[in-house]
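The values are calculated or read from the model by the stated rules, or taken from the named source; none is laboratory data. Source: prediction; values computed, not measured. Cβ sites come from the backbone with ideal geometry, for glycine too, and all protein chains shown count toward neighbours. Protein only, heavy atoms only, side chains kept; ligands, DNA and RNA dropped before computing areas. Shrake-Rupley method; radii C 1.70, N 1.55, O 1.52, S 1.80 Å.
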Amino acid sequence: MAVLRFLVLSLSLVLLGHSVGGDEYHQRSNIPIESHNVVYEYEGKAAYWQEQAQDTILAKLAAVDAAHTKKAKNVILFMGDGMSVHTVVATRNHLGDSAKQVYFEQFPTTGFAKTYCVDRQVADSACTSTAYLGGVKGNYGTIGVNANVPRYSCTEAFKSENQVDSIAKWAQDAGKNAGIVTTTHVTHASPSGAFAHTANRYWENDAEVAAANCNPEETIDIARQLVDWPTGKGLKVILGGGKRNFLNTTVNDEVGYPGHRTDGRNLINDWLTDKKEQNASASYVWSRKGLSLVDLDNTDYLLGLFATSHLPYDGDRVRGHSELADPSLAELTEAAIKVLQRNENGFFLFVEGARIDMAHHSNYARRSLEDTAAFADAVAKAREMTSDEDTLIVVTADHAHVMTVNGYPERAKDITGLTGSNGDDGRPYTILSYANGPGFYQSFSTAEGRNVLTTKTTDNVNFRYSASIPLSTETHGGDDAPVYATGPYSQFFSGTYEQTNIPALMARAANIGPYADVEP
Ligand SMILES: *[C@@H]1O[C@H](CO)[C@@H](O)[C@H](O)[C@H]1NC(C)=O
Ligand SMILES: *[C@@H]1O[C@H](CO)[C@@H](O)[C@H](O)[C@H]1NC(C)=O
Ligand SMILES: [Zn+2]
C-alpha cells in the first residue's frame with residue numbers, strides 16, 4: 001500500500017530567537033498569552049510530526065517480520081511521570097540491591113525517547129502528553145494541540161485544525177475500549193492528553209478559566225471536556241483523583257472537601273446521567289472499599305475519583321479496607337483491565353504513576369523511588385492479566401528530573417542514605433542529590449556552609465535531598481525518557497527516537513488510527 005503523505009514540507013529554518021520563559025514549572029501564572037517562541041516554524045505543523053513518525057515506522061518495519069507478527073489487540077501505555085533513568089537505577093537499589101531489576105526492565109526491548117517540546121528544551125507534562133498520546137509536539141503548558149496554539153490563548157485550542165487526536169480516540173474509532181488511570185487528577189496534564197484540547201494545563205475547571213480572563217462558556221475547561229465531549233464521554237474507565245474539578249464550590253464531596261467549580265454543575269452526576277441515558281451499566285466510586293464492591297465483569301463504564309486532589313504517595317497510602325483506605329495503582333490497573341477487556345475488539349489503556357514527578361519536585365527522593373516501585377507493581381499486574389501474544393505493553397516516562405546518583409558508595413549502602421565519604425568541606429553527603437530545588441534550604445542553612453547530615457536526617461521521609469540551586473520546586477531534566485516494551489511489535493521500540501513516535505508505533509502495532517496502513 002502506498003505511503004500516505006500528510007504534506008510536503010518546507011524545511012525553512014525560521015529563527016525567531018529564544019525568549020526567556022518567566023513561569024516556573026507548577027507555578028500558575030495568568031499572563032495573557034505566552035510569547036510564541038517557536039524556533040523552527042515547520043514544527044508548528046502537526047503534519048511535520050506525523051510525516052516524521054511515518055518515516056520512523058517504515059524504518060522500524062524493516063526489523064519486524066510483519067507477515068508473521070500478530071497485531072496488538074490490546075495496547076497499554078504505562079507512563080511514570082518524571083521517571084528518569086536515574087530514578088529507575090536508584091529504584092533497583094531501593095528494591096534491595098543494585099543488581100535487582102525493576103519489573104519492566106525484563107521487557108525484551110528498550111529504547112530512548114527525545115522529550116523536548118517545540119518551544120522548550122526541557123519539557124513539561126503537558127506538551128509531552130500531546131507527544132506520547134497524540135504523536136505531535138506542541139508548546140510547553142498546552143495539551144492536545146499543535147504548536148500554533150500559544151499557551152493561555154482563550155481561542156486557538158478550539159479550532160479543529162489546531163487539535164491533535166489521541167490514540168485513545170483512534171482506539172475508540174476502531175471499536176476498542178479506552179480508559180485512563182492515574183494517581184493525580186484525571187484532568188491533570190498527562191491523562192488529559194487522551195481526551196482534551198487546551199492552551200493551558202491548569203484550566204481544569206471553569207473557575208480557573210475565568211481567572212485567566214477567558215469565558216468559560218467558550219474556553220471549555222478540561223473536566224467539562226472529559227464529561228461533555230465525545231472522546232472523554234467514550235472512555236470506559238476513568239480512575240484517579242481531582243474530584244474538586246467535578247463539583248461546585250458550594251458542594252462538598254463524600255469526605256467534606258468542597259468543589260472548585262463555579263458554574264453549578266455536578267459533573268459526576270452529569271456523567272452518570274449520560275450513561276443511564278445510554279442504558280449502560282455505570283458505576284461511580286470514591287473509595288477503595290467502594291471499588292471492591294463493583295461487579296467489574298458486568299460494568300460498561302467506571303468512574304473512580306478517590307481524592308479531592310492527588311492520590312497520596314504510595315508510602316502515605318491508607319492501607320486496609322476502611323472507607324478511607326486508598327487503592328494502590330496496581331489495584332486501579334487491575335479494575336481498569338477487568339472492565340476494558342470485556343470488549344472483544346480489545347482496548348487501549350493509559351496508566352500514569354503521577355507522583356514520582358511530584359516527589360522529585362519536592363526533592364523527596366525516597367518517595368519518588370517508592371512510587372516507582374508501586375508503578376512497577378502495576379505494570380506487573382497488567383502483564384499478569386494479559387498475554388504477550390496479543391497485548392503490547394509500553395512503559396515510559398514523559399521527561400526526566402535533575403536527580404543524580406553520585407559519590408562512590410559501598411555496594412551494601414542504602415541509596416537513600418549517605419555516600420560514606422565526605423566532601424572537601426569535611427562533611428558527609430547523600431548518594432542522591434539534585435541540581436536544583438527546595439532541598440537547597442535544608443542543605444545550606446548554616447553560616448559555615450553545608451549542614452552536617454547524619455543517617456538520622458536522611459531516614460526521615462520528609463528529608464529533602466540536597467540541591468545546588470535554591471528553587472521552591474525542582475525542575476524537570478532534559479534527558480531522554482527510557483522506553484520498555486513487550487508484546488506484539490515490541491521490537492519497534494528499540495533505538496532513540498522522537499517521543500511523538502510512541503503513539504504512532506503503538507497504533508501501527510494495533511492497526512488503528514492514521515498509521516494503521518503504513519507499509520513499505
Ligand atoms: C456554584 O458556586 C458559585 C460560586 O461559589 C455560586 O455563586 C453558585 O450559586 C453555585 N451554584 C449552585 C447551583 O449552587
Ligand atoms: C434505553 O432504553 C429505553 C427503554 O427501554 C429505550 O426507550 C431507549 O431508546 C434506550 N436508549 C438507548 C440509547 O438505547
Ligand atoms: Zn513535573
Where a ≥ b ≥ c are root eigenvalues of the Cα gyration tensor, a/c under 1.5 meaning rounded, otherwise prolate if a/b exceeds b/c and oblate otherwise, region 132-263 counts as oblate
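Per-residue counts of other Cβ atoms within 10 Å, averaged by peptide: what ranking do you get for 239-252, 378-391, highest first?
By packing density, highest mean first, the sequence is 239-252, 378-391.
How large a share of the accessible area of region 29-152, in percent, is made up of carbon and sulfur atoms when the probe is 1.4 Å and the other protein chains stay in place?
Numbers: 2180 of 4190 Å².
The nonpolar share, carbon plus sulfur, comes to 52 percent.
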How would you order 130-137, 81-88 from highest to lowest mean count of nearby Cβ atoms within 10 Å? 130-137, 81-88
What value, in deg cm²/dmol to 500, does the helix sum -39500 (n - 2.57) over DSSP H runs of n ≥ 4 give at 222 nm once divided by the residues of the chain? -7000 deg cm²/dmol
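Thr458: net charge of surrounding residues, Cβ under 12 Å, Lys/Arg +1, Asp/Glu -1, itself excluded?
+2
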Please list, in order along region 280-294, the HN-Hα scalar couplings obtained from phi with the Karplus expression 6.51 cos²θ - 1.76 cosθ + 1.60 (θ = phi - 60°), rounded to whole Hz, x for Gly and Pro. 8, 8, 9, 10, 10, 10, 10, 9, 4, 5, x, 5, 5, 8, 7
With a cap of 12 neighbouring Cβ atoms within 10 Å, and only residues DSSP puts in a loop, list the GluC sites (Glu not before Pro) found in region 417-520. Glu448
Cβ charges +1 (Lys, Arg) and -1 (Asp, Glu), total dipole of region 407-470, debye: 120 debye
So what's region 429-520 giving for Cα Rg divided by 2.2 N^0.38 Å, two decimals? 1.78
Per residue Cα convex hull volume for the chain, in cubic angstrom? 156 Å³
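Could you report the chain's accessible area per residue, 1.4 Å probe, as an integer in Å²?
38 Å²
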Non-local amide H neighbours of Ala400 (under 5 Å, H modeled in plane, Pro and chain starts lacking H): which ones? Gly477, Asp479
What is the sum of charges around Met79, taking Lys and Arg as +1, Asp and Glu as -1, for the other residues whose C-beta is under 9 Å from the C-beta of Met79? -3
Need one number: % antiparallel among DSSP beta bridges in the chain, to the nearest 5. 35 percent
Karplus-derived 3J(HN,Hα), 6.51/-1.76/1.60, for each residue of region 453-468, Hz, glycine and proline x: 8, 10, 4, 4, 4, 6, 6, 6, 4, 8, 6, 8, 5, 5, 9, 6
Which net charge results for the neighbourhood of Tyr434, defined as the other residues with beta-carbon distances under 10 angstrom from its beta-carbon, given Lys and Arg at +1 and Asp and Glu at -1? 0
Through the Karplus equation 6.51 cos²θ - 1.76 cosθ + 1.60, θ set to phi - 60°, convert the phi angles of region 128-135 into ³J(HN,Hα) values in whole Hz; use x for Gly and Pro. 5, 4, 4, 6, 7, 10, x, x
Cα-centre dipole for the chain with unit charges at Cβ (Lys and Arg positive, Asp and Glu negative), debye to 20: 500 debye
Identify all lysines with a Cα-Cα distance to Lys289 below 29 Å; exclude those on the same chain that are fewer than 8 residues away in sequence. Lys176, Lys233, Lys236, Lys243, Lys275, Lys276, Lys338, Lys381
Using just the Cα positions, wrap region 33-154 in a convex hull and report its mean projected area in square nanometres, one decimal place. 10.0 nm²
Non-local residues with an amide H under 5 Å from the amide H of Asp119, with H modelled 1.01 Å from N and Pro and chain starts lacking one, are Tyr140
